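Structure first, commentary second.
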Amino acid sequence: MIYLDHNATAPILPAAAEAVRSALAIVGNASSVHRAGRGMRRVIEDAREVVAALVGGKASGVVFTSGGTEANNLALGGVERARVLVSAIEHPSVLGARLDAETVRVGRDGVVDLDALRRQLAAGARPALVSLMLANNETGVIQPVREAAEIAHEFGALVHCDAVQAVGRMPVDMCALGVDMLSMSSHKIGGPPGVGALVLADGVEIRPLIQGGGQERRRRAGTENAPGIAGFGAAAAALPRETATLSALRDGLERDLTAAVPLARIFGVHAPRLPNTTCIAMPGVQSETQVMAFDLEGFAVSAGAACSSGKVEASHVLRAMGVGEAEARTAIRVSLGWQTTADDVARFVEAWTRLYRRLGLPSVGSAA
Ligand code: PLP
């Protein structure tokens with residue numbers, strides 16, 4: 001299997017797996033005052049330091065959660081703000097966290113419209129929260145978070161950034177971005193699944209969503225997932241920092257694929273993007289058909305957003321970018337990782353081209 005679905009989940013890094021195993025061998029609840037408890041507390045606090053440092057935050061601001069989804073829900077549900085503004089291309093865990101949220105449009109390149117954000121903020125007097133992702137999970141398009149935060153702060157709004165896909169794939173510094181809260185997820189960076197963090201800037205207060213215990217400075221009740229947190233910390237420490245190889249591989253993939261089939265369309269290609277992600281439409285071939293055909297050929301890719309409910313819908317991200325429903329249904333996401341080789345990419349381009357020649361409709365779609 002050639003695994004090209006790193007945005008869904010990344011393979012666990014050996015150092016992270018080892019840290020999980022070591023933490024599982026420790027007996028003790030981090031809330032206990034005895035030596036065993038203190039041992040487990042040390043594991044968690046060491047990981048907290050590393051996770052905070054990875055995004056330029058402070059350890060005291062890190063709230064460990066069960067993943068990116070919970071971190072996003074905590075950010076949007078845990079602050080007292082009467083208005084919430086989110087971009088139209090946010091992950092469902094942001095879009096679903098506050099059903100009364102107003103959406104801010106994106107342009108055809110998949111980048112949020114900052115003028116629209118300013119107009120919307122100016123149109124309401126109530127205290128607002130703005131939530132904008134750093135990089136989109138489907139297209140990899142990077143958002144102007146620093147600029148959005150400046151605008152939001154002019155209007156007295158708080159700013160949350162879902163950096164789940166960006167962490168580990170581009171430099172992330174929450175101070176430089178000027179955000180008040182930032183979400184991360186362990187399994188996207190080579191740590192175990194089921195653990196993540198919401199990192200709060202100094203002075204930002206949140207109300208816990210999960211009640212019934214004083215853990216995480218009273219911001220998230222429940223015994224901490226110490227082995228998961230240890231693995232998250234180890235992944236944060238072991239992450240490869242260099243991304244030039246990844247972007248060279250991704251650019252080569254797009255170049256060879258569009259040279260073979262000029263009608264292939266790459267979404268967000270003119271915007272700044274994560275180095276590992278490409279979202280490609282194969283004219284006339286449904287995403288699910290492609291995903292199954294590639295699976296049979298030994299490639300793991302995904303149909304736009306991974307479908308958690310078993311039902312694949314046209315991507316809301318592509319629809320927000322003005323892509324028609326029919327074309328959006330022909331898009332797949334290919335996301336590379338540290339193990340991906342030039343040979344993997346060459347084989348994928350060959351398989352993609354073969355499939356297109358077998359099933360594709362050259363008259364459908366456009367190369368625009
Ligand atoms: N935010 C983004 C942008 C994501 O891509 C994902 C996962 O796909 C999440 C949040 C949710 O993270 P988790 O799987 O840790 O709940």
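Nothing in this text is a laboratory measurement; each read-out follows from the coordinates by a stated rule. Worth saying up front: this structure is predicted, and the values here are computed from it rather than measured. Backbone-built Cβ (ideal geometry, glycine too); neighbour counts: all protein chains shown.
Sequence-ordered 3J(HN,Hα) estimates for segment 29-35 from the Karplus curve with 6.51, -1.76 and 1.60 and θ = phi - 60° stand at 9, 4, 8, 6, 8, 6, 4 Hz, glycine and proline given as x. Would segment 1-80 count as rounded, prolate or oblate if I go by the C-alpha gyration tensor, calling it rounded below 1.5 in a/c and otherwise prolate when a/b exceeds b/c, oblate otherwise? Oblate, since a/c reaches 1.5 and b/c is not below a/b. For F299, nonlocal amide neighbours, meaning residues 5 or more places apart or on other chains whose placed amide H falls under 5 Å from its own, are I2.
Using a ≥ b ≥ c from the Cα gyration tensor of the chain (square roots of the eigenvalues), is it rounded, prolate or oblate, where a/c under 1.5 gives rounded and otherwise the larger of a/b and b/c decides, a/b for prolate? In terms of gyration-tensor shape, oblate. Karplus-derived 3J(HN,Hα) values for segment 184-194, using 6.51 cos²θ - 1.76 cosθ + 1.60 with θ = phi - 60°, are 9, 9, 5, 6, 8, 10, x, x, x, x, x Hz; glycine and proline are entered as x.
Backbone amide hydrogens, once placed in the peptide plane, bring L274 within less than 5 Å of V141, I142, excluding anything fewer than 5 places away on its chain.
Extents of segment 80-138, largest first, come to 32, 24, 15 Å (Cα atoms, principal axes, whole angstrom).
In segment 231-301, which trypsin sites (Lys or Arg not before Pro) are in a loop and have at most 10 other Cβ atoms within 10 Å, using DSSP for the loop call? Those satisfying the criteria are R241.
FRET efficiency for A244 and H270, Cβ-Cβ distance as r, R0 = 25 Å, nearest 0.05? Plugging the Cβ-Cβ distance into 1/(1 + (r/R0)^6) gives 0.80.
Can you give me the angle between helix 244-260 and the longest principal axis of the chain, using Cα atoms only, in degrees from 0 to 90, rounded to the nearest 10? In the chain, helix 244-260 runs at an angle near 20 degrees to the longest axis. Spin-label model, R218 to E102: label points 7 Å out along the Cα-to-beta-carbon direction sit 3.3 nm apart. In the chain, the DSSP-assigned H stretches of four residues or longer account for a calculated mean residue ellipticity at 222 nm of -11000 deg cm²/dmol, using -39500 (n - 2.57) per stretch and the full residue count as denominator.
For trypsin sites (Lys or Arg not before Pro), the sites in segment 82-157 that DSSP calls loop and that have at most 16 other Cβ atoms within 10 Å are R105, R108.
Which of the GluC sites (Glu not before Pro) found in segment 54-120 are in a DSSP loop and have at most 14 neighbouring Cβ atoms, other than their own, within 10 Å? Working shown, then result.
Values: sites: E70, E80, E90, E102; in loops: E80, E90.
The qualifying sites are E80.
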